[in-house]
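Written below as structure tokens is the structure these notes are about.
The values are calculated or read from the model by the stated rules, or taken from the named source; none is laboratory data. Just so you know, these numbers come straight off a predicted model, no measurement behind them. FYI the Cβ positions are ideal-geometry reconstructions off the backbone, even for glycines, and counts take in every protein chain you see. Keep in mind that these areas ignore ligands, DNA and RNA; they rest on the heavy atoms of the full protein, side chains included. Shrake-Rupley method; radii C 1.70, N 1.55, O 1.52, S 1.80 Å.
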Amino acid sequence: MSLELKLNYFENNFKVDKSSNNKIYRFEEFTLDAAHLMLSRNGGEIPLFPKAVETLRALVEQRGKILSKAELMDAIWADSVVEESNLAQYLHILRKTLGNQQNGQPFIETLRRRGYRFNGEVEVIEIRGADPGGNDGTHQVGFRPTSPPPRTVRIERHGNVLAVADWNEPDPETQPVKKPRFVVLGIVVLAALAVLAVVFSYQSSREVVANDAPIDSLAILPFKPLASGGVDDDAFRLGLADALILRLGSSRHLTVRQLGAVKRFDKLEIDAAEVGRKLGTKAVLDGTYQRVGDRVRFNLRLVSAEGGKVLWSGQFDERSSDTFAMQDSIATRVASALASGLSNSSELMLAKRGTSDEEAFRLYQRGRYLWNQRTFDGASRAIRSFEDAIARDPQFARAYAGLADALMFSPSPEGTRMELTEKAREKANQAIRLDPQLAEPHASLGLIAINSDWDFVAGESHLRRAIDLDPNYATAHHWLGDVCLAQSGRFDEALVELHRARDLDPLSPIINADIGKALYLARRYDEAIGQLGYSLELDPSLGIAHMWMALSYLAKSDPEAAKKEAAMTDWGDPFLKQVMAEMINAAGDKKSEARTNLERLLRNADKKTQDNNACAIAYVYSQLGDNERAIEWLEREFANFGVGAVGLKTVPLWDPIRQDPRFQQLLKRIRFS
């Protein structure tokens, strides 16, 4: 950690003060009971996850001080390894719950690249002694839970026996569980043995259906092992979830959340119904599995997001000798079992992986993960993963589609942008030849048509074809809204598609960022800044969000705020970073300095570097009011088929030269309609 970011107010790492468990904190209309991990407003309990309340407690204890992300995570998950997105999710929940103080300032303040701070006056009441009657002579606080906690079912392991226990107590994670007496333990063990004996006597699957009402939206959680099965558990669980999502996700009558959305809840202490409510689905499929010899037994259930009612349950056995075949088999059987209750459609389309090679599919998944980082390094590494997948299975259509997408985002120094584009087009068409019904390559061709051919008509056609083939393919809705509709000025339609993409993948940083971009293009700058701020809560390192935030501040005539955001943007090219810095100077009160610095940069740059950044150079001259030079560099962008040309109609940076007849002539070279 750099000196700039290091927080020095503690000699050692911050830990939650355990004595705080006997304290009550009051701030404005809120009361935080640390003993019961409860938050109330004006005496009424606010239902929150225990870890969300622990996060609030950690911040309140150190009120007025800045806690880094690492310190907060160390305080809340001291003995666990979890993803940073868990903390972001809890902070988002707390901000929405608490809102602002009476003075208009937020209770929880984010100090970008430094950490978080709780603001506000806090009254602390300490409870001493264990006597609930308060007979130790200290101040007695009459704060009690307003409703009984939910029943919690946990599974414990005693030797080789799984014992199922049911507590009607406060959250067992925050309350010590007493060891049962030997008699009770004996009954539990005997009961568990009897249950296991009956369960494992089945040779085929069994199902229970509690409700046949159609479900039109679904989240599929990665199943959890009853006992650790080895280091491949996560890969196995995520692969199976992805297989199920693929099989159920191609119906236009059923919306299935994509893997990226549900993965964020995988390690959180949150029940299935709550996941459904967070992701806006009517139902959630979750379950457990257990390996016994060469077999794996799955116990699955379909849970209603409203009320947590079990709508369907099923049990399936599969042999574990072939992991890939087992995933395919269980996914197909579960999809078939659920089909009648999940959709009004008489036929539920069941998608296929597209390869029988387990390693090829793993490489494809890795490639998509890297590509979704939306970084230049991620795209380069994704290319290698997709190429390795194709080498293992040359008939794997989805890998060709993934390679096409990665090539379009790659900053590879090998070859020109046009050469990379033509290679991407070739790979997308190869994917369609292998599988004409696959949605991904049609979306890829839509992106290529707009960004490289400047043909919005063809691009929209390809993207809508992808949506026809897979209505739940979030990327197709995303690109239709962002690349096609927003950049052609159809902002209302664009936001509909972008919100549809976000519905399918609610916690995607890039989709949320591009909603902010669409608002920026629509000149709704304050809304854009708010939306981009939310995307940065999901991923503070997302450079594209910082870039659109910088441009939004620039449009609001706040160059200093724009500079701060631009400094946090990964431009992928030191030359481009310097040019964009001069563009911000040109838009402010440093026009002479910007012109001098830009001309120095151009003298020292070779032709290829200049051509690759022609659009950005034109931005600078546009802000300087130098129409001649701006048009000159725009013509170089067109000559090199640069992607910057597609933003001519809507990007506010072109406003100073928009009415120039030469600019209007360039605009006519793009097929918007």
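For the stretch 487-570, which helices (runs of 4 or more DSSP H) that fit wholly inside it have 1 or more residues that are closer than 24 Å to F265 by Cβ? It would help to see each step written out before you state the result.
On the way: elements: 491-504, 509-521, 525-538, 543-555, 559-567.
Answer list for the stretch 487-570: 491-504, 509-521, 525-538, 543-555.
Cβ-Cβ under 8 Å, sequence separation 6+ or interchain: first residue in the stretch 616-638 and farther than 16 Å from Q664 by Cα and open to solvent by less than 10 Å² (accessible area, probe 1.4 Å), partner of a type in the set (S, T, Y) and assigned to a helix (DSSP H, G or I). Which pairs? Taking only residues 6 or more apart or on different chains, not a single pair turns up.
For residues in the stretch 612-639 being of a type in the set (S, T, N, Q) and over 19 Å from Q487 (Cβ atoms), which is farthest from the chain's Cα centre (by Cα)? Before you say what the answer is, go through the steps one by one.
Start the filter on the stretch 612-639 by keeping residues that are of a type in the set (S, T, N, Q), which leaves 612-613, 622-623, 627.
Cutting the leftovers down to over 19 Å from Q487 (Cβ atoms) gives us 612-613, 623, 627.
Numbers: N612: 31, N613: 30, Q623: 35, N627: 41 Å.
Among them, the one singled out is N627.
Quick check on S20: is it open to solvent by less than 20 Å² (accessible area, probe 1.4 Å), over 22 Å from S535 (Cβ atoms) and at pLDDT 85 or above? So S20 fails the test. The residues on offer are V651, V643, and the sole one that is hydrophobic (A, V, I, L, M, F, W, C), closer than 22 Å to L485 by Cβ and at pLDDT 90 or above is V651. Only one entry in F663, F672, F575 is over 26 Å from T375 (Cα atoms), within 33 Å of the chain's Cα centre (by Cα) and aromatic (F, W, Y), namely F672.
Looking only at residues in the stretch 459-469 that are open to solvent by less than 30 Å² (accessible area, probe 1.4 Å) and in contact (Cβ under 8 Å) with a residue 24 or more places away in the chain, which one is nearest to G354 (Cα to Cα)?
L469
Scanning the stretch 471-514 for residues that are farther than 20 Å from A439 by Cβ, surrounded by fewer than 21 Cβ atoms within 10 Å (Cβ to Cβ) and aliphatic (A, V, I, L, M) gives a single hit, L495. Across the stretch 536-591, the number of residues qualifying as β-branched (V, I, T) and open to solvent by 40 Å² or more (accessible area, probe 1.4 Å) comes to 1. Here K51 meets each of (1) crowded, with 17+ Cβ neighbours inside 10 Å; (2) modelled with pLDDT under 60; (3) of a type outside the set (G, A, S) with one exception, condition (2). The residues listed here are G402, G378; of these, the one that is in contact (Cβ under 8 Å) with a residue 24 or more places away in the chain, out of contact with any strand residue (DSSP E or B) (no Cβ under 8 Å at 6 or more places or on another chain), in a helix (DSSP H, G or I) and open to solvent by less than 10 Å² (accessible area, probe 1.4 Å) is G402.
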